[in-house]
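Student: Sending over a structure as structure tokens; questions will come in a sec.
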Amino acid sequence: MSETQVAQKSTTLFGKKERRLLTDPFNDNNPITVQVLGICSALAVTVAVKNALVMSVAVILVTGFSNLIISLLRNTIPNRVRMIVQLVVIASLVSIVEMVLHAFQYDVYKQMSVYIGLIITNCILMGRLEAFAMANKPWQSLLDGIGNGVGYGAILIAVAFFRELFGKGSVFGFRVLPDWYVPNGLMLIPAAAIFLIGIIIWIQRSRNTKLVDIS
Amino acid sequence: MDRNSNIYTIIYAAILTVVVAVVLAFVHSSLEPKMEANEKLAKQKDILRSVGLVDLPDASAVYEKTISSFVIDASGKVVDGMDGEAVNVAAEFKKPAEDQVHPVFVYTADDGSKRLILPLYGNGLWDKIWGYIALEEDMNTIAGIAMDHKGETPGLGAEIKDNPKQYNDPFIGKTILDEQGNYVSVKMVKGGIKEPEHQIDAISGATITSDGVNEMLYRGLGYYLPYFNAAKSQTSLK
């Protein structure tokens, strides 16, 4: 125990532990494919890559800052209302993101409509606050938040890429497939996203067998 | 201090609420002008889209130059001193028909010809749909239509906005009155067009959105019939 603490103190801002906080959510601890959180929004906003990108940036900002703020407050928060405090922080950050999009990215804001507000209910946020930020230092919490946001965003963009490619024949709104390709409307329906996420989980687990349940 | 005492919890919650409220109020008030400008520009673009002016770099300037507006009441009389832009179509939609007022936007082209642009508002499958329809000076022939929606299914109902070539352009040239001058509106129909003057092909797979568009057109244009009749009898367009 004392050894690990010494080791922690001697690490720099980007020590091994810190790097793991950022990289784990990409593979071993991905919020969507391993923790299976945030599925609802992953189905809803992945029709086009641009929407997925904006959603990812929004979620990265909210996970990062909510983790940071809660971690800073962690020693003052009364235990009985800690969930409410967490939600208040998340909700305010999401409201700010929503207003900023409304002011500076109006088209995207209109297309994503309710799903920006629904970031509040994204389980990744509460999950990280409860599991990590309440018990860790601000810097590590910020990294953990950003890592999880990026891990979420990576899956979102991958799903959106294939949905837009096959559903509209385009990427980022630019037509890339030749004209003879008839866009497949099925890909634009949320159900298509769950198939894609399933395939991603399948590929990931066949490459990384330690994720497979041994039960 | 004891972090689990009631008094600490209450004070903590109170301070947190005040801080959050101040921060949110500050952000909102500093971004509000920008948000309102966005809303206004989006509406202006929709109106210009109905007369075929899309993707203008200076939509706001074109709008100011070419569009004027006035307001009519439910009996078709012009309401003095009211600006069309001040009318909230979504709010009017909820009022009883006899209390509603309806804006009319007039587009004046470079050659002096005019078109009437009327707002439409109704229900799609999942949420609200709305749009603007432009009529020629005869108040019968459709010059253009632009539609938008809040949450119609992409690739199906959302085609009313995403695929203007197939679902907006065919409206152009259709008439809303039959040969006897009776109001028939225009419709999106399935299974073949029987009256080419008043019908276009519906969106396959999006029956409820198509029906919503039909209802929106029938009711939306219907509001203006008293005004049309009055204006035609005076044979002058305001």
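What follows is calculated from the coordinates using simple rules that are stated; it is not laboratory data. Just so it is clear, the structure is predicted and the values come from calculations on it, not from any experiment. Reconstructed Cβ throughout: ideal geometry from the backbone, glycine too, with neighbour counts over all protein chains shown.
Student: Mind counting the residues in region B:160-188 that are among the β-branched types (Val, Ile, Thr) and out of contact with any helix residue (DSSP H, G or I) (no Cβ under 8 Å at 6 or more places or on another chain)?
Tutor: Residues that pass the stated criteria total 3.
Student: Looking at B:151, B:144, B:157, which is the one that is in contact with a helix residue (DSSP H, G or I) (Cβ under 7 Å, 6 or more places away or on another chain), within 14 Å of chain A (Cβ to nearest Cβ), closer than 30 Å to residue A:170 by Cα and not acidic (Asp, Glu)? Full working, then the answer.
Tutor: Working: B:151 fails: in contact with a helix residue (DSSP H, G or I) (Cβ under 7 Å, 6 or more places away or on another chain); B:144 fails: within 14 Å of chain A (Cβ to nearest Cβ).
Just a single option satisfies the conditions, and that option is B:157.
Student: Could you identify the single residue in B:161, B:165 that is closer than 24 Å to residue B:66 by Cα and part of a helix (DSSP H, G or I)?
Tutor: Exactly one of B:161, B:165 is closer than 24 Å to residue B:66 by Cα and part of a helix (DSSP H, G or I), namely B:161.
Student: When region A:167-190 is examined, which residues are found to be surrounded by fewer than 12 Cβ atoms within 10 Å (Cβ to Cβ) and free of Cβ contacts under 8 Å to residues at least 24 places away in the same chain?
Tutor: The answer is A:174, A:178, A:179, A:180, A:182.
Student: For region B:54-87, what are the residues that are among the polar types (S, T, N, Q) and farther than 23 Å from residue B:144 by Cβ?
Tutor: Within region B:54-87, just B:75 meets the criteria.
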